[in-house]
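**Q** Please find one structure pasted underneath; my questions will follow.
The values are calculated or read from the model by the stated rules, or taken from the named source; none is laboratory data. Here the structure is a predicted model, which means the values were calculated and not measured. We place every Cβ from the backbone using ideal geometry, glycine too, and count neighbours over all the protein chains shown.
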Amino acid sequence: MKFVSLGKFDKPFRAALESLPKSIAMSHQIHTYSELRQQIHDDLRIQHPEWVEPNGGSPMCDFYEARLMELLDADANGLN
């Protein structure tokens, strides 16, 4: 996983990233579809904390997760 500095956004992002458990912030290999979905779920919230509502929900992250799963399923079925 590579993080890119975005100038003025770097400090809030870094603070959000540093507050997460090390196991989430560190890169690791994905072995199952379920692990991939969880990694995508976690990474979207790490990369876009502004999309996460106070109650922990995130309609924007949910939308991107669902769309990516549609694309992966279509590709897996040879429809893409």
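**Q** Would you be able to tell me the number of residues in region 44-58 that are within 22 Å of Tyr33 (Cα to Cα) and in a helix (DSSP H, G or I)? Please lay out each step first, then the result.
**A** Step one: list which residues in region 44-58 are within 22 Å of Tyr33 (Cα to Cα), which gives 44-47, 58.
When the remaining residues are screened for being in a helix (DSSP H, G or I), the result is 44-47.
Counting residues in region 44-58 that are within 22 Å of Tyr33 (Cα to Cα) and in a helix (DSSP H, G or I) gives 4.
**Q** May I ask you to list the residues in region 70-80 that are assigned to a helix (DSSP H, G or I), at pLDDT below 85 and either farther than 16 Å from Tyr33 by Cβ or aliphatic (A, V, I, L, M) (or both)?
**A** Correct list: Leu72, Ala74, Ala76.
**Q** Out of the residues in region 1-22 that are within 14 Å of the chain's Cα centre (by Cα) and either assigned to a helix (DSSP H, G or I) or at pLDDT 90 or above (or both), state the one that is surrounded by the fewest Cβ atoms within 10 Å (Cβ to Cβ).
**A** Leu17
**Q** Could you say whether any residue in region 30-52 is modelled with pLDDT of 55 or more, hydroxyl-bearing (Ser, Thr, Tyr) and surrounded by 11 or more Cβ atoms within 10 Å (Cβ to Cβ)? If you could, list the steps in order and put the result at the bottom.
**A** Within region 30-52, the subset modelled with pLDDT of 55 or more is 30-52.
Pick out the ones that are also hydroxyl-bearing (Ser, Thr, Tyr) and you get 32-34.
Keeping just the survivors that are surrounded by 11 or more Cβ atoms within 10 Å (Cβ to Cβ) gives 33.
Yes, the conditions are met somewhere in region 30-52.
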